[in-house]
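Here's the structure we're looking at; comments come further down.
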Amino acid sequence: MKIIGTGSSLPKNTVSNDDLAKFLDTNDEWITTRTGIKTRHLLTTEDLYDLAVDAAVKAIQASGLRPDQIDFLLVSNVANRHVTPGLSCIVQKRIGLTCAGLDINVACAGFVNALMLADSMMKSGHAKNILILCAEEPTKYCNWHERDCSVLFGDGAGAVVLTEGNAFKDVKLTMISDRDVLYYERGMETTPFESHYIKGQPLVMKGKELFRTAVSESAKDIKTILDREHLTPDDINWFMLHQANKRIIEGIRTIVGGTEEQYPTIIQKYGNTSSASIPIMLDEMLRADQIRQGDKIIMSAFGAGFVSAACLWDWEF
Ligand code: ACO
């Protein structure tokens with residue numbers, strides 16, 4: 001499997017840390033030193049479906065394929081306005097696709113999990129050309145009266161088109177069931193038979209615990225892949241990590257090794273865009289000609305669950 005096209009899309013509204021400090025008890029210094037985030041893009045007049053379609057259409061155009069040549073659509077999304085139908089159904093026609101698709105929710109690790117599924121579908125002969133679309137609006141499940149979570153997130157979408165090839169080398173998926181560190185509960189309808197109705201509530205996060213688990217699990221995943229593939233950090237051109245927090249990325253680098261230049265970041269511009277963060281970064285790096293034929297890339301993502309996932313590429317155009 002290899003990637004032959006990428007696309008990304010962000011809301012046009014940029015919100016700075018100073019903008020947040022106008023209505024939250026926070027400041028640029030705290031957010032910058034604790035997270036590395038300076039700005040994020042937030043949905044205003046557009047909706048998530050517009051971003052999803054835009055990113056997907058750009059990825060298909062970059063791939064050189066026609067929409068009718070895409071055999072399957074895999075969408076990663078944590079939550080959007082529709083519980084059902086899935087986001088894949090909502091955007092399929094607008095992208096111009098005729099193929100089937102499905103949605104997955106593996107939180108911020110959705111992109112790497114979708115890559116594993118795409119690889120398996122190609123190997124089993126179910127599909128030759130696959131579109132993965134990660135579209136996320138985490139700012140819609142934060143409590144905007146609290147400073148803890150709302151300053152961390154941004155909205156965005158990233159997409160890739162995959163076809164047969166030999167670039168995708170290895171993948172490792174991990175799940176440690178620990179719902180309490182990060183969760184978002186939606187309210188549901190009440191029934192006359194229910195005795196323990198739970199009202200929905202915005203995102204709940206145990207920041208410090210999540211930080212520690214993210215660093216240790218991601219580092220473990222990456223080291224497993226390096227060991228399995230007989231590689232050292234020096235052999236890797238790019239460690240593309242989920243963009244949750246600059247300090248989490250630095251924590252992982254301290255354990256794994258490698259230089260700061262090997263760990264690109266977009267967190268400063270976009271905040272945490274959940275499963276869209278890696279495909280957005282990949283799209284920007286490819287469009288800036290930063291990635292070369294044969295580059296070794298490790299992707300590692302982690303999030304609510306607690307889940308984590310990492311994979312290795314030997315880049316092939
Ligand atoms: N502005 C100012 N002060 C704040 C803010 C804010 N936005 N948020 C919290 N604080 C205060 C708290 O009230 C607390 O004050 P107190 O000490 O008087 O009680 C203090 O800052 C907390 O400071 P620390 O606990 O030292 O902050 P820490 O260094 O742990 O950073 C953070 C907090 C950024 C949340 C960190 O723990 C973190 O990044 N955790 C991981 C969060 C994450 O990545 N979430 C993303 C979702 S999941 C995923 O994508 C993996």
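The values are calculated or read from the model by the stated rules, or taken from the named source; none is laboratory data. Here the structure is a predicted model, which is why all the values come from computation and not from measurement. All Cβ positions, even for glycine, are placed from backbone atoms using ideal geometry, and neighbour counts span all protein chains on display.
Which residue pairs have Cβ atoms under 8 Å apart, sit 6 or more places apart or on different chains, and have a first residue in segment 108-130 that is more than 22 Å from Ile278 (Cα to Cα) and assigned by TED's automatic domain parsing to the domain that holds Ser300 and a second that is buried (at least 18 other Cβ atoms within 10 Å of the Cβ) and β-branched (Val, Ile, Thr)?
Close Cβ pairs (under 8 Å, with a partner that is buried (at least 18 other Cβ atoms within 10 Å of the Cβ) and β-branched (Val, Ile, Thr)) do not exist here.
Residues in segment 36-43: is at least one away from the ligand (no atom under 16 Å from the Cβ) and either of a type in the set (Val, Ile, Thr) or not assigned by TED's automatic domain parsing to the domain that holds Gly305 (or both)?
yes
From the set of residues in segment 147-176 that are among the polar types (S, T, N, Q) and within 16 Å of the ligand (Cβ to nearest atom), which is nearest to the chain's Cα centre (by Cα)? Give the steps one after another, and end with the answer.
Residues of segment 147-176 that are among the polar types (S, T, N, Q), as a first pass: 150, 163, 166, 174.
After this cut, where a residue has to be within 16 Å of the ligand (Cβ to nearest atom) as well, the list is 150, 174.
Details: Ser150: 17, Thr174: 16 Å.
Applying the filter and picking the extreme gives Thr174.
Could you list, ordered by first residue, the pairs with Cβ atoms under 6 Å in which the first is in segment 50-72 and assigned by TED's automatic domain parsing to the domain that holds Val160 and the second is in a helix (DSSP H, G or I) and basic (Lys, Arg), at least 6 apart or interchain?
Once the first residue is assigned by TED's automatic domain parsing to the domain that holds Val160 and sits in segment 50-72, its partners that are in a helix (DSSP H, G or I) and basic (Lys, Arg) give Val53/Arg94.
When you go through (1) buried (at least 16 other Cβ atoms within 10 Å of the Cβ); (2) within 16 Å of the ligand (Cβ to nearest atom) one by one for Trp144, which number turns out not to apply?
(1)
Select the strands (runs of 3 or more DSSP E) contained entirely in segment 128-214, then report the ones holding at least 1 residues which are at pLDDT 95 or above, among the acidic types (Asp, Glu) and over 24 Å from Gly86 (Cβ atoms).
Strands (runs of 3 or more DSSP E) meeting the threshold: 168-175.
Has segment 245-264 got any residue that is within 22 Å of Met116 (Cβ to Cβ), touching a His at 6+ places or on another chain (Cβ under 9 Å), among the hydrophobic types (A, V, I, L, M, F, W, C) and part of a helix (DSSP H, G or I)? Even if it seems obvious, please write down each step before you answer.
Applying the first criterion (within 22 Å of Met116 (Cβ to Cβ)) to segment 245-264 yields 252, 256.
So of that shortlist, the ones also touching a His at 6+ places or on another chain (Cβ under 9 Å) come out as none.
The answer is no, given that none of the residues of segment 245-264 is within 22 Å of Met116 (Cβ to Cβ), touching a His at 6+ places or on another chain (Cβ under 9 Å), among the hydrophobic types (A, V, I, L, M, F, W, C) and part of a helix (DSSP H, G or I).
State yes or no: is Ala219 hydrophobic (A, V, I, L, M, F, W, C), in a loop (DSSP other than H, G, I, E, B) and within 15 Å of the ligand (Cβ to nearest atom)? Working first, answer last.
Working: hydrophobic (A, V, I, L, M, F, W, C): yes; in a loop (DSSP other than H, G, I, E, B): no; within 15 Å of the ligand (Cβ to nearest atom): yes.
When the stated conditions are applied, Ala219 does not pass them.
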